[in-house]
Amino acid sequence: MPSGLTGRLVACSLLMAWLLFLVSSNSSSSSRPGAEEEEAAAAEGADEEKALRVLVLLPKDNAYLFSLARVRPAIEYAVRSLEANGTLLPAGYKFRLFYNDSDCGNRAFFSLVDMVALRRQWPDLLLGPVCDYAAAPVARLASHWNVPMISAGALAAGFSAKTGEYSHLTRVSPGYAKMGEMFLALFRHHQWNRVLLVYHEDKEQRSCFFAAEGVHVVFREAGFHMDDFAFDESAKYAEDVVRAIQASERVVIMCASSDAIRNIMLAAHRQGMTSGDYAFFNIELFNSSSYGNGSWKRGDKYDLEAKQAYSSLQTVTLLRTVKPEFEKFAMEVKSSVQKQGIHHDDYVNMFVEGFHDAIVLYVLALREVLKNGFTKKDGEKIVHQTWNKTYEGIAGPVSIDANGERFGDFSVMAMTDPETGTQQVIGNYYGKQGQLEMFPNVKYPWEHKLRIDDSRSSEQTSNAACKSSGGLGESAVTGIVVGALLGAGLLMAFYFFRKKYKITIERRSQLEEYNIGKHRQLREDSIRSHFSAA
């Protein structure tokens, strides 16, 4: 169709001429419309310069204590408070919040890449992720792209290495190693140096594994002897755990759900282990009843027995400080969460508080950076301004150490009235001061009864995580010596091979991997093949 082609050519020519006219008009400074457009573009550019893009990476699944629905009200409460304050947030700056489902996995990393590569929007701050496996690749990329990352999670000890791939991460909740420091002070108070770590191994998020690891890291540096025993809550475990305790140490630190802790304590009580011959400690994670919160009461036929058993259990949890503003915050968060159909007791936990405080910390750091002549794009400068700082959080003072780690303040709770089963705080640990304050006139169930036999298992290695034999007794040692005299060296070699190699491989003990300075578990789901520099 020549005539149709000619018409299209003419139309194209006219369009090109019109575009050239527009370009020339825009380039003319004397043109009134062009000047207006330039002013509008300049204003838009100024707005962009003062827009603080925050990418929030948390799971949508409300089974998590740190789901988007639970945490979002706290973040927006902090933003409203800062914008209304008029003094903390630098003049003209506004937050732009972007919420993405981390799915506690690689989706968090993909969300960050999509925001930059597809939407061409560069985040000024990353909030989250919480789950360790989700946080690891995001933290590496944040370091590579010079973007500050603040999380109330990522609590594994491996994230403490800030000289390399986690250099831009600040943690506003105390990591598990900080809890380990608290246990170290507690053990020194009682003059103990041996422990059995018992934890639930879920093979997925592995919160209790990482919690036990934090204790292990600190105790290992202090030269303490440790055994550990992992179990699966989905199987029959209580009797196995009790047998492992009987074959190992008399001081036990446990991490599991509240129901699992109760089952273990009931099994221990039935074996006569709660009369002071053993000391049991329970890690209550995140100020939540989802984990072992020291509660023995269920309203079932085992309540009386459980109350007796829990007289030998002490619970370590975060120290709670509440100021008047916190009550208002808690009520607003609760109301927002309930409107979304979530009805649980854990409306405000350490994650909810932590992400509120993360926004405040970022603003304080940004103010300092701007004051020194830098911009919001100077990510490394902002990160370092968040370190070595104490400021006022929603529930009380927040102190970040020189490595970007929040100091942990913890409480020890115990049953103070065996008749009623009442549990109260019997001591507090203040992380910034490294000070443990145990209350006076506290009677311990193991007082004058618990003796730590340093000769027990003296040759055991600290990574005998899942040994089933429970160590060598005196008769066994004699038998081995006699066997050696009779030429049974081969049997001994086979025994140590099984103990130190085969069993370790079968149970996949992770605790000795700290010797290489990296936490390999945080790399299992990494994306180094895609961003090796991150």
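The values are calculated or read from the model by the stated rules, or taken from the named source; none is laboratory data. If you're wondering where the values come from, they're calculated on a predicted model, not measured in any experiment. When we count neighbours, we look across all protein chains shown, and the Cβ atoms used for this are built from the backbone with ideal geometry, even at glycine. These accessible areas exclude ligands, DNA and RNA; they are computed on the full protein's heavy atoms, side chains included. Shrake-Rupley method; radii C 1.70, N 1.55, O 1.52, S 1.80 Å.
Just a few scattered comments:
- Failed criterion for residue 296 (all others in (1) over 18 Å from residue 211 (Cα atoms); (2) among the aromatic types (Phe, Trp, Tyr); (3) in a helix (DSSP H, G or I) hold): (3)
- First in the range 319-335 and open to solvent by 70 Å² or more (accessible area, probe 1.4 Å), second anywhere and in a loop (DSSP other than H, G, I, E, B), Cβ under 6 Å, 6 or more apart: 334/347
- Among the residues of the range 189-208, the ones that are part of a helix (DSSP H, G or I) and either farther than 21 Å from residue 174 by Cα or at pLDDT 95 or above (or both) come to 2 in all.
Okay, residues lined up against (1) hydroxyl-bearing (Ser, Thr, Tyr); (2) at pLDDT 90 or above; (3) open to solvent by less than 60 Å² (accessible area, probe 1.4 Å):
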| position | (1), (2), (3) |
| --- | --- |
| 37 | no, no, no |
| 45 | no, no, yes |
| 51 | no, yes, yes |
| 57 | no, yes, yes |
| 89 | no, yes, yes |
| 92 | no, yes, yes |
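- Selection from the range 197-220 of residues that are open to solvent by 10 Å² or more (accessible area, probe 1.4 Å) and more than 15 Å from the chain's Cα centre (by Cα): 199, 200, 201, 202, 203, 217, 218, 220
- Restricted to the range 413-440, and to residues there that are part of a strand (DSSP E or B) and in contact with a helix residue (DSSP H, G or I) (Cβ under 7 Å, 6 or more places away or on another chain), the residue that is modelled with the lowest pLDDT is 415.
- Pick from the range 157-170, criterion in contact with a strand residue (DSSP E or B) (Cβ under 8 Å, 6 or more places away or on another chain) and over 21 Å from residue 106 (Cβ atoms), ranking: surrounded by the most Cβ atoms within 10 Å (Cβ to Cβ): 170
- The set of residues in the range 408-424 that are open to solvent by 50 Å² or more (accessible area, probe 1.4 Å), in contact (Cβ under 8 Å) with a residue 60 or more places away in the chain and farther than 24 Å from residue 277 by Cβ contains only 409.
- Residues satisfying the stated conditions in the range 138-157, i.e. farther than 23 Å from residue 352 by Cα and in contact with a helix residue (DSSP H, G or I) (Cβ under 7 Å, 6 or more places away or on another chain): 141, 146
- Every residue from the range 394-407 that is without any contact (Cβ under 8 Å) to a residue 60 or more places away in the chain and crowded, with 23+ Cβ neighbours inside 10 Å: none
- Within the range 348-393, tally of residues that are assigned to a loop (DSSP other than H, G, I, E, B) and surrounded by 20 or more Cβ atoms within 10 Å (Cβ to Cβ): 4
- Between 139, 134, 91, 78, the distinction of being among the hydrophobic types (A, V, I, L, M, F, W, C) and touching a Gly at 6+ places or on another chain (Cβ under 8 Å) belongs to 134 only.
- Qualifying positions in the range 266-283 - assigned to a loop (DSSP other than H, G, I, E, B) and either open to solvent by 30 Å² or more (accessible area, probe 1.4 Å) or under 14 Å from residue 237 (Cα atoms) (or both): 271, 272, 275, 277
- Failed item in (1) touching an Asp or Glu at 6+ places or on another chain (Cβ under 8 Å); (2) modelled with pLDDT of 95 or more; (3) of a type in the set (Gly, Ala, Ser); (4) not in a strand (DSSP E or B), with residue 230 passing the rest: (4)
- Some residue of the range 258-265 being part of a helix (DSSP H, G or I), over 26 Å from the mean Cα position of the chain (by Cα) and surrounded by 23 or more Cβ atoms within 10 Å (Cβ to Cβ): yes
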